[in-house]
Every structure is written in structure tokens, then in C-alpha cells.
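One structure is given below, encoded as C-alpha cells.
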Amino acid sequence: MEEKILENNEQDIAIKITGLKKRYRLGTIGGGTLVGDIQSWWARVRHKEDPNSKIGSKQYSKHETFMALDGIDLTVKKGEKLGIIGHNGAGKSTLLKLLSRVTGPTEGEICLDGRISSMLEVGTGFNGELTGRENIYLNGAILGMSKAEVDRKMDSIIEFSEVRQFIDTPVKRYSSGMYVKLAFSVAAHLDSEILIMDEVLAVGDMNFQKKCLDKMSQVSEDEVRTILYVSHNMNTIRQLCDRCIVLDHGKIIFNGDVEEAIAIYLKADPHHVDAPKIDYNQIPRVKWLKDPPIRTVSAEFVGKEDIKFTREEKMRILLKWETDRDVENVHLRVEMLKHDKTPIGSYIMENIFSGKKGDKGHIEFIIDNSNFVGGKYRMIYSFFVNDEFGNSMEVDSVFGLNFEITSYDSNLVWVPRYWGNLKFDNFEIIDK
């Protein structure tokens, strides 16, 4: 692997990756002792089971490998906020580790312009025996900063981290949340041109997550800092990033608009069915219910051959179910979500059904599309009953029909990312 500084004609580029590959050997690399390694080697020579392997684990030959990254080409401009998403094992963390020099690639070239500050897991680069203050100096030294430079930023780092009371306590006594707060504060405030984050905000509380996202947006714009952010939380990807790539089995399958990237990533969901009718006998249940008294059989758009609607149309939905046990006073909740499963609204229909074991039922209802802005949506249908204390208990729940509201004529371009997915046109203006 070659790691180079970028050419003068590429001054606006922070990261350039060409043909990047990373291959791992499968199985146990070493037994920990010379005797153990010799025993394992002699067993492989005789085609016998490895005496040092765990019982029931798969045995790999020394030639079996796994391509974590398989030919990545990527360019990231200075000041850009790039999201990286994909299923577990797609190669996201491997890519960040290569950029952070934690490990080296098998093939390819990485060109960087600027110092890198990375958080690949909680407390990366921290020494548990040192205090929070000492770890700030340690991280600054790793980035090549002088003690005087760190001194100038010390108060703002401590203030942002919200751990001032414990700053002179060894970090091994910190909770995981405190670890993240201090580690992020250090990474965000020290002078690095490239900031790499790998799902670290999942540990912090909601208020701190928002604070971190605001800080990352600020440093990217004010200090022209490049950010690479990996997360399974599509809301944070949407809030922070202005471009997104989707990784799948070590390859980039999409590079572009954030919303399109999220839609492609969510296509891997087994409950995501883009069809005007769903047969629930063919897909798994969405929740933990193993033996529901009501089983949803099907859902369909009446009189439609696709899932596209205008705002002037009305959706007519037919929902069918069967009972496996006696039920009384069953209610139905219809939840509306954006395509990334963010809730935007719901409607409850009370006492729609009571029946005996083996009964069949159905309901047909209409949804007014006029308040939806253009975009893709999905639904959840949840049957529930109330116990004697008034508590709701779900008796079946499934992901419902997906649908798309096509664009509509308007002089104003609507931005769902900031303004939401419901557009209310029927406010009564009393005076103006």
C-alpha cells in the first residue's frame, strides 16, 4: 500500500482512495504458545481436528481468506461531511481503520491531506490509568500538538465534555457515557483536519448526541474540517451528512445523495415490500409475537396496480385477518413512517372486531393524501386489546404497505429534511 500526499492540482481534496483492498485470514492465527501452534500445525498436516480449537467451531484451512474491502475508489473533498452506511460486516469499520492507520491494506493507495483524529470505539487512544486531563494531553501529543496548543483548548474541551467534576480522576473509573463525552470532546476540539467517527454517539444520551451533531456541523463549516461518519442511526446520518456511500460486502454500491443512500440501505430489510399487495404468510412478523391470537393475512391497495399516489388521490386499503383464539374488542392502530422508519403520525380505529377461534375478518379504510409531501413512506398495522387496567397489549403487528407520494406542482420547493413530511394546506387565515 502506498500512502501519499496529494498533488498541488488536488488542493481541494482531503482523501483520495484508489483500488483499496483488505484481505483477512479466516480462523485462529496463533494458539498463544509455541507448543499449541505446533500441535495445531501437526493436526492440519494429518487432516485431523485441531486440538486447540473450540468445540463445534468451524475449521478453516490456511488458504481460506475473507475480503473485507474489495476494490474501493473514493474521493472526499475538504470540509465535506460523508456518511458511511451498510449492513454489519459490509466493511465500514475496516475502511475507517485503514484511514486511521490502525491496520494496513492488502492492496491500493490512500492519499491524505491533513492530520486525522479518529474515534473508532469508546475511548480510542485513552489510557485507563491516566486521568481525563492527562489523556487530553496524550491525545494532543499523538496528533502532533504542543503542550501550549493543548493548554489553549483545555477549558473548552472540559466544558463541552460535561465531566469537569471527574477530569482529574483516572478514566478507568468513567462510565461508558463519560468515556464517549470526553473522547468526542477531545477529537472535536484538537486541531485535526479530518475527523473520523464510528458509531460512537450511540452510547451517549440524546441531549449529548444532539450537541455532538451540532458541534460536528459547526467545525466542518467554520474550520473546514472533513468528517467521515459511520452509523446505523439514519436520523443522525440525515442530520449531519451532505453525501453518503453504501457499502455491501466490501464494495461501494452507491455514492451520492443521502436520502437515496438510505433508501438503498433499507431495501435490504426483509419486511420492505414495494408492491400494492402483501401476503403475510410469506414474510416474518415484525415483532416478538410468537403465537398471536390474530394473524394478519394480507393488505392491499384497492384498485391500484402500483404504490404511487398523487396528493389529490385517496388511498383505499383492505386489511384481512384470521383468529387463532377467541378475541374481544380488538382495536387497530395504523402508523405512518418515513421510509427510514421515523414515525410521522398514527390513527387508531377502536373496537373493529370481536370473534371466535377460526373466524375471519376484514376492514377497508381510506387515507387522505393531501397533507403528505412528495416522498416514500411505509406503514405499520398493529392490532391490540386493553386489559382490565386499561393497558394496551398488542396481539399482532406487521409492517404495512409502502407507498410513494409523487411530486406536485408548487412554486415552493419543499425540504422534508428540515420542514417535515406533512404539509398542511388548510389553515384558516382569520386576518392579514
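What follows draws every value from the coordinates through simple rules; no lab data is involved. Keep in mind that this is a model prediction, so the values were computed, not measured. Neighbour counts run over all protein chains shown; Cβ positions are idealised from the backbone, glycine included.
Multiplying the residue separation of Lys172 and Val102 by 0.36 nm and removing their Cα-Cα distance gives an extension gain of 23.0 nm. If you wrap the tightest convex hull around every Cα atom of segment 277-419 and split its volume per residue, you get 122 Å³. Taking 0.36 nm per residue of separation and subtracting the Cα-Cα distance, full extension of the segment from Ile430 to Lys320 would add 35.2 nm. The separation of segment 296-318 from segment 351-402, counted between C-alpha centres, amounts to 15 Å. In plain terms, the chain from Arg23 to Thr342 could stretch by 111.2 nm, reckoned as 0.36 nm per residue minus the Cα-Cα distance. In the chain, one over the average inverse separation of all distinct C-alpha pairs is 25.8 Å, which is the Kirkwood hydrodynamic radius. Mind giving me the FRET efficiency for Met206 and Trp419? R0 is 22 Å, r the Cβ-Cβ distance, nearest 0.05 is fine. Between Met206 and Trp419 the formula returns 0.55. Cross-link pairs exceeding 20 Å between alpha carbons, from the set Lys251/Lys338; Lys22/Lys267; Lys81/Lys153; Lys215/Lys251; Lys16/Lys81: Lys251/Lys338; Lys22/Lys267; Lys81/Lys153; Lys215/Lys251.
Summarising the label geometry, the points placed 7 Å from Cα in the beta-carbon direction at Ser407 and His249 lie 3.5 nm from one another.
Using a Gaussian network model of the chain in which every pair of alpha carbons under 10 angstrom is joined by a spring, one finds that among Val186, Val171, Val415 the greatest mean-square fluctuation is at Val415.
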